[in-house]
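The values are calculated or read from the model by the stated rules, or taken from the named source; none is laboratory data. Here the structure is a predicted model, which is why all the values come from computation and not from measurement. In this analysis, Cβ positions are derived from the backbone assuming ideal geometry, glycine residues included, and neighbour counts consider all displayed protein chains. Each accessible area value is taken on the protein alone, full model and side chains, heavy atoms only, with ligands, DNA and RNA left out. Shrake-Rupley method; radii C 1.70, N 1.55, O 1.52, S 1.80 Å.
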Amino acid sequence: NAWVDKDSFYVSVTCWRRLAENVCRSLRSGDPVMVRGRLLTRSYDTADGRRNTVTEMEADVVAADLNWCTAHVTRTRRTE
């Protein structure tokens, strides 16, 4: 009757446009984050004839996990 840690599950996350720019300016590899978006699974054939399946996420929102870090929020302005 207790939570037990299991193996980690890593997902590649893709960000576009202003979200991608702000993520690059704000976060580094290994930073704890929370992501909301669309989870996608796709399959493809490799050059050696094997079939691989990958799970990826296309992010709508990315935020620092404030349980493990602090953040200073600065609003960005839209450019014309």
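Some values worked out for this structure:
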{"read-out": "Helix-only mean residue ellipticity at 222 nm for the chain, each DSSP H run of n ≥ 4 adding -39500 (n - 2.57), per residue, nearest 500", "value": "-3500 deg cm²/dmol"}
{"read-out": "Surface/4 estimate of mean projected area, convex hull on alpha-carbon atoms of the chain, nm²", "value": "9.1 nm²"}
{"read-out": "Electrostatic dipole magnitude of the chain [Cβ: Lys, Arg +1; Asp, Glu -1; Cα centre; debye, to 20]", "value": "360 debye"}
{"read-out": "Dipole of the chain, positive direction: furthest Cα of W3, T55, M34, with charges on the beta-carbon", "value": "M34"}
{"read-out": "Length released on extending from T74 to F9, taking residue separation times 0.36 nm less the Cα-Cα span", "value": "20.3 nm"}
{"read-out": "Of all accessible heavy-atom area on the chain, the percent that carbon and sulfur account for (1.4 Å)", "value": "49 percent"}
{"read-out": "Helix axis angle, 17-26 relative to the chain longest principal axis, alpha carbon, degrees", "value": "80 degrees"}
